[in-house]
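Working notes for the structure below.
The values are calculated or read from the model by the stated rules, or taken from the named source; none is laboratory data. All values reported here derive from a predicted model rather than from experimental measurement. Note: ideal-geometry Cβ built from the backbone for every residue, glycine included; neighbour counts use all protein chains shown. When the accessible area is computed, the model is the full protein with side chains, heavy atoms only, and any ligands, DNA or RNA have been set aside. Shrake-Rupley method; radii C 1.70, N 1.55, O 1.52, S 1.80 Å.
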Amino acid sequence: MPMRANGPLPNGYHNSSSPAFNSTKTPKKGGPPLPTSSSSISSSKHALLQEQRSELPIAKGKDALIHEFREHDVTVLLGETGSGKTTQVPQYLLESGLARNGMIAVTQPRKVAATSLAGRVAAEQNVALGSSVGYSVRFDERFSSQTRIKYMTDGMIVRELMSDPSLSKYSIIIVDEAHERSLRTDILIANLKTIQQRRNKSQDAKGKGKDTSNPLKIIIMSATLDAEKFGRFFTGSKILYVQGRQHPVKIYHSSQGQVDYVDSAMRTFFQIHTDYPPGDVLIFLPGQEDIESLEKTIQIYANQLPHDRMSVLICPMYAAQAAGQNSKVFLATPPNTRKCILATNIAETSITIPGVKYVIDTGKCKEKRYLARNTGGGFDTLLTRDITQSSAMQRAGRAGREGAGHCFRLYTEDAFKAMPLSAEPEIMRCSLSSSLLQLKCIGQDLETLELMDQPAEESMKSSLIVLYLLGALNLQKEITALGRQMAAFPLEPIYARAIIASKEYGCTQEVLDIVSILSASSKLFIESSEQREAVSEARKKFRHVCGDHLTILNVVKAYQEIAYSEAKGSRKEWCRRHFLNERALLEASDIRDQLRQTCQRLGIDHSVSCGDKDDPVTFSLGHGLVMNIALLQPDGTYKQTIGQSIVKIHPSSVLCDKKIPAIIYDELVYTNQIYARGVSRIPKSFIVTLGALKQQR
DNA sequence: GAGCACTGC
């Protein structure tokens with residue numbers, strides 16, 4: 001491939017018609033963490049905070065905002081990055097006395113946002129965190145009877161819905177980041193609409209002047225794209241706009257479509273490197289494979305650069321990479337060096353990298369999407385696709401965090417305009433069984449609930465079948481006693497079912513260990529393409545003939561032994577040596593504690609163990625994975641017992657190439673083929689037993 | 001023989 005650092009520039013950029021650019025979303029709200037443990041902060045610091053508050057773009061509109069909140073039951077507030085709406089609006093509401101009857105809830109899709117925002121606002125109010133300003137997220141809460149402003153995750157308030165269907169503790173509920181359209185945000189919004197109708201109607205009946213009722217105000221906060229949708233959903237609502245503040249980013253579109261975006265990204269990088277002033281470059285790519293191939297080619301050409309040029313430091317970044325590798329990007333760039341960061345979507349929202357002045361956007365990402373099947377179950381797909389306009393803007397905004405920046409898009413302006421505005425709401429792309437079961441508990445139906453977007457009928461049907469096969473619903477779609485028990489667990493129904501089955505098989509301790517790891521958000525096993533051999537050698541120690549579930553159990557047991565006998569530092573070292581992610585083990589231990597409490601409430605003894613026996617464990621899991629069973633075919637592939645798909649065991653499984661006659665699996669993922677992940681062997685006779693159980697219902 | 005990113009209870 002002929003490529004000279006000073007050669008012709010093949011991409012032919014032209015300047016975009018829009019010179020300045022505002023990003024639409026701020027990933028890390030509330031600024032840096034502030035001291036929050038003491039009851040108050042020094043007066044000079046407080047004065048500085050107050051000055052910063054008054055300089056926020058939203059401060060100018062304070063009185064007008066309060067007026068509108070007073071006049072309308074529902075307000076949709078559209079604000080850009082840096083407007084300060086998430087920290088200021090709750091304080092304005094508190095000061096205005098609009099929340100006399102109850103608390104102000106501010107919901108967030110992510111835990112870190114909820115906790116850090118609460119800290120920031122407590123500091124601004126000059127109060128101790130947990131007093132008048134608090135938060136509530138899974139495994140962590142700080143609030144008291146005096147709390148007036150409560151930041152919480154949307155999952156938390158949806159759980160509260162189960163015990164208090166009117167959310168009567170709150171007189172104002174602010175739904176932040178509503179444009180993200182998480183599954184729980186959508187379910188919350190649907191419920192808020194009916195709750196408000198109920199609560200505010202009883203107010204009218206009592207007539208004006210009486211304050212005995214408990215009306216509800218709703219404020220929806222969103223980034224600017226496709227926000228009118230919220231306005232249409234809440235009839236009579238008022239839409240308000242708040243200006244943001246961000247450095248300008250100059251956008252360049254490619255003049256023609258790029259066939260090979262990896263090659264094109266490489267050329268664009270060297271164009272920047274030779275023609276533009278110092279500043280780090282961030283390249284967005286869909287996945288690890290592209291990152292590794294681009295890393296190689298950039299390195300080859302970087303080595304050939306003349307010695308008087310700045311050198312290039314390449315930093316690959318993706319979630320599966322060992323944590324130490326990812327943190328390389330945060331180290332100061334050495335002198336006379338330009339950092340080149342090759343990242344997946346991880347750099348789009350979750351991680352902010354300092355020093356980035358240039359962004360190269362391939363316009364591609366990988367998206368996980370759940371394909372429901374009318375036989376029950378379904379599978380995930382993981383395919384490369386075009387990004388959305390809102391994520392293109394988010395990526396460009398990454399160049400304007402610290403000063404003016406540049407964004408080079410490897411696609412045309414027409415291609416940008418052809419992109420969907422924003423991602424499809426999660427409710428359209430995920431399994432609904434968990435939410436469906438939760439709603440059944442409070443007498444609601446996903447089918448009749450008025451949602452902003454209605455999920456596909458097939459997806460609904462599939463979830464009903466899954467819940468029926470698990471015994472959570474009967475043929476009349478009514479929730480069963482077993483279903484209520486399952487809903488009590490903060491878990492996917494399939495794993496809740498496995499725990500309940502473990503009572504019969506006397507192995508609750510083992511099943512809890514496994515299920516906790518499976519429902520932790522971080523992966524247990526760390527991959528390293530550089531040390532592939534060392535990884536497989538370390539894995540051998542835990543390998544269990546029955547499959548991946550019992551392999552996980554081996555890891556947990558080994559870690560527990562270390563945890564009891566060794567110091568914290570050596571535990572870490574042990575994990576590193578075995579390519580295990582300690583974060584997953586620690587998170588799983590929190591989850592396990594919570595699951596034990598649920599077991600206790602339901603009269604399941606969580607300490608019952610089956611010792612070294614394997615069958616009880618796989619049988620229990622089998623009750624949860626009833627629709628995830630497949631049988632070996634003569635050609636070595638597997639065929640589902642429910643549904644017709646031909647699946648293969650994922651190469652990461654310990655049972656890959658083992659020709660086990662019958663398997664259960666955690667999930668199916670379609671990439672190039674349909675792969676079963678999280679696989680265990682199951683005796684064929686057990687499948688017959690399961691079938692007989694189904695007959696009885 | 002293969003691994004986008006999250007997030008929540």
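In whole Å, what is the distance between the alpha-carbon centres of segment A:128-162 and segment A:281-316? If you average the Cα positions of each part, the centres end up 45 Å apart.
Taking a ≥ b ≥ c as the square roots of the eigenvalues of the Cα gyration tensor, segment A:43-242 is rounded, since a/c falls below 1.5. Based on a Kirkwood Rh over C-alpha pairs, give the Stokes-Einstein translational diffusion coefficient of segment A:143-299 at 10 °C and viscosity 1.306 mPa s in µm²/s. Reported coefficient: 77 µm²/s. Over segment A:247-423, Cα pairs under 8 Å with separation of 6+ residues give a relative contact order of 34 percent.
In chain A, the DSSP beta bridges split such that about 35 percent are antiparallel, to the nearest 5. Full extension of the chain between A:I300 and A:N374 yields a length gain of 21.6 nm, computed as 0.36 nm times the residue separation minus the alpha carbon distance.
Over the Cα atoms of chain A, Rg to Rh with Kirkwood Rh, two decimal places?
0.97
Relative to the current alpha-carbon distance between A:R601 and A:S255, full extension at 0.36 nm per residue lengthens the span by 118.2 nm. On the basis of the beta-carbon distance and an R0 of 35 Å, A:V688 and A:V535 show a calculated FRET efficiency of 0.35. Calculated [222 nm] ellipticity per residue, helices only, for chain A: -12000 deg cm²/dmol; basis is -39500 (n - 2.57) per DSSP H run with n ≥ 4, divided by all residues, nearest 500. Per-residue packing, averaged as other Cβ atoms within 10 Å, sorts the ranges A:418-427, A:615-624 into the order A:615-624, A:418-427, beginning with the highest. Kirkwood radius, segment A:247-423, all distinct C-alpha pairs, inverse of mean reciprocal distance: 16.8 Å.
Output the Kirkwood hydrodynamic radius of segment A:93-198, Cα pairs only, in Å rounded to one decimal.
Working: mean 1/r = 0.0726 Å⁻¹.
By the Kirkwood definition, the hydrodynamic radius is 13.8 Å.
Between A:K169 and A:V545, what FRET efficiency comes out of the Förster formula 1/(1 + (r/R0)^6) with R0 = 60 Å and r the beta carbon distance, rounded to 0.05? For R0 = 60 Å, the calculated efficiency reads 0.70.
In terms of accessible area, using a 1.4 Å probe and ignoring ligands and nucleic acids, A:D186, A:D380 rank largest first as A:D380, A:D186.
What ranking do A:581-587, A:630-636 get when scored by the average of other Cβ atoms within 10 Å per residue, highest first?
On the way: A:581-587: 18.6, A:630-636: 12.9.
Listed from highest to lowest mean packing, they are A:581-587, A:630-636.
Under 1.5 on a/c is rounded, so check that first for segment A:259-323, then, if it is not, pick prolate when a/b is larger than b/c and oblate when it is not; a ≥ b ≥ c are the square roots of the alpha carbon gyration tensor eigenvalues. It is prolate, given that a/c is not under 1.5 and a/b is the larger ratio. A 1.4 Å probe, protein heavy atoms only, puts the accessible area of A:L65 near 20 Å². If a spin label sat at a point 7 angstrom from the Cα of A:S528 along the line to its beta carbon, the backbone N atoms of segment A:578-604 nearer than 14 Å would be those of A:578-582.
With the whole protein complex present, A:Y276 retains an accessible surface near 60 Å², based on a 1.4 Å probe. For A:S609 and A:L383, a Förster radius of 35 Å and the Cβ-Cβ distance give a FRET efficiency of 0.25, rounded to the nearest 0.05. When the surface is traced with a 1.4 Å probe over the full set of protein chains, A:R159 keeps roughly 90 Å² accessible.
Spatially close Lys pairs in segment A:316-464, defined by Cα atoms under 19 Å apart and a spacing of eight or more places or different chains, total 5.
The packing ranking of peptides A:602-611, A:659-668, A:250-259, highest mean first, is A:659-668, A:250-259, A:602-611, where packing means the average number of other beta carbon atoms within 10 angstrom of each residue.
You can think of it this way: the chain between A:L631 and A:Q325 has 106.2 nm of extra reach, that is 0.36 nm per residue less the Cα-Cα gap. For segment A:479-526 and segment A:212-279, what is the centre-to-centre distance using only Cα atoms, to the nearest Å? Between the Cα centres of segment A:479-526 and segment A:212-279 lies a distance of 39 Å.
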